[in-house]
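K.L.:
Pasting a structure below so you can have a look.
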Amino acid sequence: MCGRFTLTVDPAELKDAFGDFIFPTQFAPRFNIAPSQPVLAIPNDGKNKADFFLWGLIPSWAKDPGIANKLINARGETVAEKPSFRGSFKYKRCLILTDGFYEWKAGEGIKTKTPYFIHMKDHQPFAFAGLWDEWHSPDGNTLRTCTIITTEPNELMSTLHNRMPVILDKQDYNAWLDAAPQTPERLLPLIQPFPADRMSAHPVSTFVNSPGNDRPECVLPA
């Protein structure tokens, strides 16, 4: 599962990390992004432009937008088959931009789980594999929403949780963002645990437990 993450870098750093994509000229650093909030993503709509999507997928056919609360993550093992995700998996994929995420570790005999912040060892921004869709409300408004794909944990993440977000390697961005309809045979090989030796994790304060706390203290080592 992936239930909270960060995007604290500025647009110039994203440009350095992701290359020839178009980014907003400015946005506030986020230290505790939670479901239902805006996230910065690059959809495969052929424009190569990052935009803000609401976190929690609302399929275009959904009658109730409340379904988004249940669709913040999509299991990689079944993403090509589940009705909520298979259309977006084939047609509407995105990169969800981040520079770190949180996971909560259960301790034996301890009621309160310990939050951990996970990031790249080089502290560079990276991208989750995501899906997106557009939902049209009865009053004519359009919502663009997204979900994060998860997979089995790597060696680092397995010490914290039994799932992890799918992190795409830079060499796979173009394949993931191909605007043409794709087959599971082409995409499923990209849904793999990211190499643990390129990642790092440290415990942080339970300050991060509240989505209302969105400050640098969230990522500081406990």
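The values are calculated or read from the model by the stated rules, or taken from the named source; none is laboratory data. Quick caveat, the model's predicted, so the values are computed rather than measured. For neighbour counting, all protein chains shown are included, and Cβ atoms are generated from backbone atoms with ideal geometry for every residue, glycine included.
K.L.:
Go through region 1-20 and give me each residue that's within 18 Å of the chain's Cα centre (by Cα) and among the hydrophobic types (A, V, I, L, M, F, W, C).
P.N.:
Those that are within 18 Å of the chain's Cα centre (by Cα) and among the hydrophobic types (A, V, I, L, M, F, W, C): M1, C2, F5, L7, V9, L14, A17, F18.
K.L.:
Please determine, by comparing only the residues of region 66-114 that are among the small types (G, A, S) and out of contact with any Ser or Thr (no Cβ under 9 Å at 6 or more places or on another chain), which one is surrounded by the fewest Cβ atoms within 10 Å (Cβ to Cβ).
P.N.:
Looking at residues that are among the small types (G, A, S) and out of contact with any Ser or Thr (no Cβ under 9 Å at 6 or more places or on another chain), I get G109.
K.L.:
From the set of residues in region 176-197 that are hydrophobic (A, V, I, L, M, F, W, C) and surrounded by 14 or more Cβ atoms within 10 Å (Cβ to Cβ), which is farthest from D133 (Cα to Cα)?
P.N.:
Only one residue fits best here, namely A196.
K.L.:
Would you check if S205 is closer than 23 Å to R30 by Cα and either surrounded by fewer than 17 Cβ atoms within 10 Å (Cβ to Cβ) or free of Cβ contacts under 8 Å to residues at least 12 places away in the same chain (or both)?
P.N.:
yes
K.L.:
Still on this structure, please answer the following. Cβ-Cβ under 7 Å, sequence separation 6+ or interchain: first residue in region 177-202 and at pLDDT 95 or above, partner of a type in the set (G, A, S). Which pairs?
P.N.:
A179/G46; P184/A80; L188/A80; L190/A129; L190/A175; I191/G76; I191/A129
K.L.:
Moving on. Pull out all pairs, ordered by first then second residue, where Cβ-Cβ is under 8 Å, the residues are six or more apart or on different chains, the first lies in region 74-95 and is of a type in the set (S, T, N, Q), and the second is loosely packed, with under 15 Cβ neighbours inside 10 Å and part of a loop (DSSP other than H, G, I, E, B).
P.N.:
Pairs found: none.
K.L.:
Looking at T6, is it among the hydroxyl-bearing types (S, T, Y), in a strand (DSSP E or B) and in contact with a Pro (Cβ under 9 Å, 6 or more places away or on another chain)?
P.N.:
For T6, the condition - among the hydroxyl-bearing types (S, T, Y), in a strand (DSSP E or B) and in contact with a Pro (Cβ under 9 Å, 6 or more places away or on another chain) - is met.
K.L.:
Given the structure, is I67 among the β-branched types (V, I, T) and either outside any strand (DSSP E or B) or farther than 29 Å from R186 by Cβ (or both)?
P.N.:
So I67 passes the test.
K.L.:
Same structure again: Give the number of residues within region 71-93 that are in a helix (DSSP H, G or I), charged (D, E, K, R) and closer than 12 Å to I149 by Cβ.
P.N.:
Selection size over region 71-93: 0.
K.L.:
Take the residues in region 151-198 that are among the basic types (K, R) and assigned to a helix (DSSP H, G or I), then tell me which one is farthest from G46 (Cα to Cα).
P.N.:
Here the answer is R198.
K.L.:
Something else now. Only one of (1) of a type in the set (S, T, N, Q); (2) modelled with pLDDT of 95 or more; (3) over 18 Å from the mean Cα position of the chain (by Cα) is not met by Q26, so which one is it?
P.N.:
Here Q26 meets the rest and fails (2).
K.L.:
May I pose another question? Against the conditions (1) in a loop (DSSP other than H, G, I, E, B); (2) within 17 Å of the chain's Cα centre (by Cα); (3) more than 20 Å from S200 (Cβ to Cβ), where does T145 fall short? Just the number, please.
P.N.:
(1)
K.L.:
Continuing with this model, one more query. Working only within region 177-222, note down all residues that are over 18 Å from I148 (Cα atoms), under 19 Å from the mean Cα position of the chain (by Cα) and among the acidic types (D, E).
P.N.:
Matches in region 177-222: D214 only.
K.L.:
Suppose we keep only residues that are out of contact with any strand residue (DSSP E or B) (no Cβ under 6 Å at 6 or more places or on another chain) and among the aliphatic types (A, V, I, L, M) within region 146-181. Which one would you say is nearest to M199 (Cα to Cα)?
P.N.:
Here the answer is M164.
K.L.:
Take the residues of region 129-162 that are surrounded by fewer than 18 Cβ atoms within 10 Å (Cβ to Cβ) and of a type in the set (D, E, K, R): which is nearest to Q37 (Cα to Cα)?
P.N.:
Within region 129-162, the match that is nearest to Q37 (Cα to Cα) is E134.
K.L.:
What's the total number of residues in region 11-35 that are part of a loop (DSSP other than H, G, I, E, B) and surrounded by 14 or more Cβ atoms within 10 Å (Cβ to Cβ)?
P.N.:
5
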